[in-house]
Amino acid sequence: MVQPNISHRFSSNEIIQILDESVLKNIKICDSSSNIDRDEVDGSFAGDKQEKNYRTDREESSKVNGEDLHMFGINMSWKASLFGVTGSSERRVWLQKILESLTSKFPVRVLTDFTRAGCLDEGISGIWTSGWVVVHKRTLVYYVQDGNVKESDLRKARCTVLQHSKHETATLSVVEKGPLILVDFPGQSLYLQMNTIKETMGWHSVIRSAAVDNGLSLDQQQLTREDIPTIVDKCINFVYAHGSMSEGIYRRSGANSNVTKLLTLFRQDAWSVQLTRQDYTEYDVSSVLKRFLRDLPEPLLTTELHSQLCEITAGISGSDRVRHYQNVLEQLPRINYNTTRKLMGHLHFIHQQHEKNLMPVENLAAIWGPTLMHVEGGDNLNWSQMESGVVSDLILLYSKIFEVDAAEMQREKQMQEVLERYHAANTTVPQSKPSGDLKIWIHLVNRNSNNCVNVT
């Protein structure tokens, strides 16, 4: 193991000399201060959480004066080296200076906080060419020759898979021919090829780990193109199709085993979850949506805006009520606002079917008020009544508060007609279990339009 002299600050030129003027392939971070096995230092770097803990019999090799080391690795064109320093801040400085000495393209905020960085011999996006790529938190930051720096939000990556090389990649100048990494975003697909198979496998692991690193908060979820959590979008779409006219939807609970199973699957990889009527009922899925939103550490409508929203429903009437709601809701973070709009549009549609599903706005508001606006302390009954009043207003005034245009209203009417025909047909035609699922993306109008739906 190489232990740099941490009391000395190297210049960029000195760093390049330390690297033997080799071409850098990868930089990795080992977030663990555990012992590192030198035999593990190769093209596959431990940048993801699953590859943290490496052990060796030579425990003293990972400590300096009794202190644990914070590790980072550098893979060059002909060898790999592992370095250790005694502090995470020290490690960040080293990584920033090394990457700055090799490329000046990336902004400082990326250089000071990244998981993995590397240069590609060839291959990113539609035309194969060389470039640099960095995993910065949950963002893939990259540029190719003579191009600008681009950023792709890995929360919106619909899949990250390894694909076998096709004939068009046969001319790539890599040491080992092997699989490609496909990262599929809305409106864009990135193909990445590293110098060796092991490097490619390591990059795939890091990129996929960042893409599916779902936390508890709303902004830590995998997202759709419209910045709506994928779990919310999938559940609402399923209930639209299969539960809009079901009696007691959102009041009746699903099977607890199915709800727990689905929440676990969504946490692991929301985009890979397939909701089928053969496996889950509309009550299972509606319960998943309620529990997910109820369990958020910060409620959807936020603690900060709670009192303002309650004051509107308690003391403001007429057209002023719509304007005040708009002013307050505009203070929500983008993901919260878009999710609220999607959910209220859905509940407005459910309310319109109340003659069939027996779920008028009063019933929906009593359920969803405490779910979307839960706060600690205070008079629980009083808070609950005002929270229900807020949600009732947001449902009934949905088209005015969110300024729904005529085209969207027409689409909703058409959807209702289709659902009525669908449910009428389901009452007479027996359902058979299919042999398997086929997932496709359908672009309405053209591929570059924002109208893209997932069909299973």
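The values are calculated or read from the model by the stated rules, or taken from the named source; none is laboratory data. If you're wondering where the values come from, they're calculated on a predicted model, not measured in any experiment. Cβ: placed from backbone, ideal geometry, glycine included. Neighbour counts: every protein chain shown. Side chains are part of the model used for accessible areas, which takes the heavy atoms of the whole protein and leaves out ligands, DNA and RNA. Shrake-Rupley method; radii C 1.70, N 1.55, O 1.52, S 1.80 Å.
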Per-residue accessible area for T103 at 1.4 Å probe radius, Å² rounded to 10?
10
Per its Cα gyration tensor (rounded if a/c is under 1.5, else prolate when a/b beats b/c, else oblate), the stretch 139-270 is best filed as prolate
Enumerate by residue number the GluC sites (Glu not before Pro) in the stretch 319-371 meeting two conditions: DSSP loop (anything except H, G, I, E, B), and at most 11 other Cβ atoms within 10 Å of the site's Cβ.
E330
For the residue pair L216 and V93, what label-to-label distance in nm results when each label sits 7 Å from Cα along the Cα-to-beta-carbon direction?
3.5
For the stretch 238-317, what is the Kirkwood estimate of the hydrodynamic radius, computed as the reciprocal of the mean inverse distance between distinct Cα atoms, to one decimal in Å?
14.5
Summing +1 per Lys or Arg and -1 per Asp or Glu among the other residues with Cβ less than 11 Å from S286's Cβ gives +2
Exceeding 21 Å between C-alpha atoms, which entries from my cross-link table qualify? They are K342/K413; K261/K356; K97/K177; K156/K413.
K261/K356; K97/K177; K156/K413
Taking loop as defined by DSSP and a crowding limit of 16 other beta carbons within 10 Å, which trypsin sites (Lys or Arg not before Pro) in the stretch 226-308 fit?
R251, R252, R277
From the protein chains alone at 1.4 Å, what is the descending order of accessible area for Y240, Y142, largest first?
Y240, Y142
Between N327 and R109, what is 0.36 nm times their sequence separation minus the Cα-Cα distance? Round to one decimal in nm.
75.3 nm
Compute the distance in nm between two label points, each set 7 Å from the Cα along the Cα-to-Cβ direction, one at Q145 and one at E298.
4.4
Which order do you get for D284, D295 if you rank them by accessible area with a 1.4 Å probe, largest at the top?
D295, D284
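I'd like to compare 396-406, 131-141: which one has the highest average count of other Cβ atoms within 10 Å, and what's the full order after that?
Ranked from most to least packed, the peptides come out as 131-141, 396-406.
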